[in-house]
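Reviewing the structure listed below.
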Amino acid sequence: MKSKQAVVLLSGGLDSATALYVARHLEFSPQCLVFDYGQRHQREVAAARAIAGRAGCSCKVLNIDLPWKGSSLLDRKMRVPLAAAPGLGVGARIPSTYVPARNTIFLSFALSFAEAIDCRDIFTGVNALDYSGYPDCRPEYYKVFNQLSALATRAGVEREAIRVQTPLISMKKSQIIKLGVKLGVPYELTWSCYKGGKAPCGKCDSCVLRAKGFLEAGVADPALS
């Protein structure tokens, strides 16, 4: 049976890479969509290209501009915060690394792309357990976005609505890693650190959550070896 197409939002990080391999495992033919949106560094874009290449999937990189900044991932004058102090927990407050409406912007492009190629599924690696507390990573957000997809597209009105699939949203980071290991995700190619450079900083939210996940999964992080 011919596999169905799926648009996969690929950031180059651990979660999106796992979502890509979940889509492949479900016998979808992924079309990877990567965004170069003025983030602090190009490491994650390069990682996304490498992951898509390893998976044998097409990869489209969109260059978009968010000139109003509003995030430490966009504004180099702002400091990328360290992870929360022990006892406070990551995600106790929405950190400055939150990019205003980023997932809504990305999903809108993905929805347009999916409809243009007559595709009914969009995969994203968002997670609402081990995460930084971003409001656009929560299940209720995706429920509403899928309602919008059904109402605001020709596909939804005339045929079948395009669905945003979030297979990792209720999983701990360690569970995501264990799943990815089974699926053969090349975690050595992924980049999670909010900062650029030759090696991860080990101190930002993303680095701390990644380290915690690998520790709890009982797996060595191949990107650090």
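The values are calculated or read from the model by the stated rules, or taken from the named source; none is laboratory data. In this text, all values refer to a predicted model and were calculated from it rather than measured experimentally. Because the Cβ atoms are built from the backbone with ideal geometry, glycine has one as well, and the counts that use them run over all protein chains shown. What goes into the accessible areas is simple: the full protein's heavy atoms, side chains included, and nothing from ligands, DNA or RNA. Shrake-Rupley method; radii C 1.70, N 1.55, O 1.52, S 1.80 Å.
Which of the trypsin sites (Lys or Arg not before Pro) found in segment 1-32 are in a DSSP loop and have at most 15 neighbouring Cβ atoms, other than their own, within 10 Å?
On the way: sites: Lys2, Lys4, Arg24; in loops: Lys2.
For trypsin sites (Lys or Arg not before Pro) across segment 1-32 that sit outside H, G, I, E and B with at most 15 neighbouring Cβ atoms in 10 Å, the list reads Lys2.
For Lys69 and Ser108 in the same chain, what is the full-extension length gain: residue separation times 0.36 nm, less their Cα-Cα distance, in nm?
Details: separation 39, 0.36 × 39 = 14.04 nm, distance 1.90 nm.
Gain in length upon complete extension: 12.1 nm.
Please give me the summed charge of the neighbours of Arg24: other residues whose Cβ is under 13 Å from its Cβ, Lys and Arg +1, Asp and Glu -1. Display every interim value, and only then the final one.
Details: positive: Lys4, Arg54, Lys182; negative: Glu27, Asp121.
With Lys, Arg at +1 and Asp, Glu at -1, the net is +1.
State, to one decimal in nm, how far the label point of Ser29 lies from the label point of Leu62, with both points 7 Å from Cα in the Cβ direction.
2.2
Keeping all protein chains in position, work out how much accessible area Cys57 exposes to a 1.4 Å probe, and write it in Å² to the nearest 10.
20
In nm, give the distance between the simple-model label positions of Val181 and Ile117, each being 7 Å from the Cα along the Cα-to-Cβ direction.
Each label point is offset 7 Å from its Cα along the Cβ direction, giving 3.2 nm.
For the chain, what is the accessible area per residue in Å², given a 1.4 Å probe and the full set of protein chains? Provide the component values of the computation, followed by the final result.
Working: 11140 Å² over 225 residues.
Normalised by residue count, the accessible surface of the chain is 50 Å².
Just by accessible area at a 1.4 angstrom probe, what is the order of Leu33, Leu183 from largest to smallest?
Details: Leu33 5, Leu183 40 Å².
Most to least solvent-accessible, the answer reads Leu183, Leu33.
Of all DSSP beta bridges in the chain, what percent run antiparallel (nearest 5)? If you can, show how the numbers build up before the last one.
On the way: 0 of 17 bridges.
The antiparallel fraction comes to roughly 0 percent.
What FRET efficiency, computed as 1/(1 + (r/R0)^6) with R0 = 41 Å and r the Cβ-Cβ distance, is obtained for Leu224 and Arg159, rounded to the nearest 0.05?
Values: r = 46 Å, r/R0 = 1.13.
It comes to 0.30.
For segment 189-203, in order, what is each residue's ³J(HN,Hα) by Karplus, 6.51 cos²θ - 1.76 cosθ + 1.60 with θ = phi - 60°, in whole Hz (x at glycine and Pro)?
Once θ is set to phi - 60°, the couplings for segment 189-203 become 8, 7, 9, 10, 5, 5, 9, x, x, 7, 9, x, 6, x, 10 Hz.
So for Trp68, Trp191, what's the accessible-area order with a 1.4 Å probe, most first? Write down the numbers at each step before the final one.
Details: Trp68 175, Trp191 20 Å².
Heavy-atom accessible area, descending, gives Trp68, Trp191.
Residue by residue, what Karplus-based ³J(HN,Hα) values in Hz, rounded to whole numbers, does segment 118-132 have, using 6.51, -1.76 and 1.60 with θ = phi - 60° and x for Gly and Pro?
In residue order, the calculated couplings are 6, 10, 10, 9, 10, 10, 9, x, 4, 9, 10, 10, 8, 8, 8 Hz.
At 1.4 Å probe size, with no ligands or nucleic acids counted, give the accessible surface of Lys203 in Å², nearest ten.
Answer for Lys203: close to 130 Å² accessible.
Once you put a point 7 Å from the Cα of Met78 and another 7 Å from the Cα of Ser170, both along the Cβ direction, what distance in nm separates them?
For the pair Met78/Ser170, the computed spacing is 3.2 nm.
Could you tell me what percent of the accessible area of segment 1-76 is made up of carbon and sulfur, with a 1.4 Å probe and every protein chain present? Write down the numbers at each step before the final one.
Working: 1680 of 3430 Å².
Reported share for carbon and sulfur atoms: 49 percent.
Using a 1.4 Å probe on the protein heavy atoms, what percent of the accessible area of segment 102-165 belongs to carbon and sulfur? If you can, show how the numbers build up before the last one.
Working: 1680 of 3000 Å².
The computed percentage sits at 56.
Give the carbon-plus-sulfur fraction of the accessible surface of segment 167-223 in %, rounded to a whole number; probe 1.4 Å, heavy atoms of protein chains only.
Working: 1560 of 2670 Å².
Result for segment 167-223: 58 percent of the exposed heavy-atom area is carbon or sulfur.
Under a 5 Å amide H to amide H cut-off, with H placed in plane at 1.01 Å, what residues pair with Asp121 once short-range neighbours are removed?
Val7, Arg163
Where in segment 24-65 does the amide nitrogen come within less than 11 Å of the point 7 Å from the Cα of Lys4, taken along Cα to Cβ?
Zone members listed by number: 27-29.
Once the whole set of protein chains is in place, how much accessible area is left on Val181, using a 1.4 Å probe, in Å² to the nearest 10?
Accessible area, nearest 10 Å²: 80 Å².
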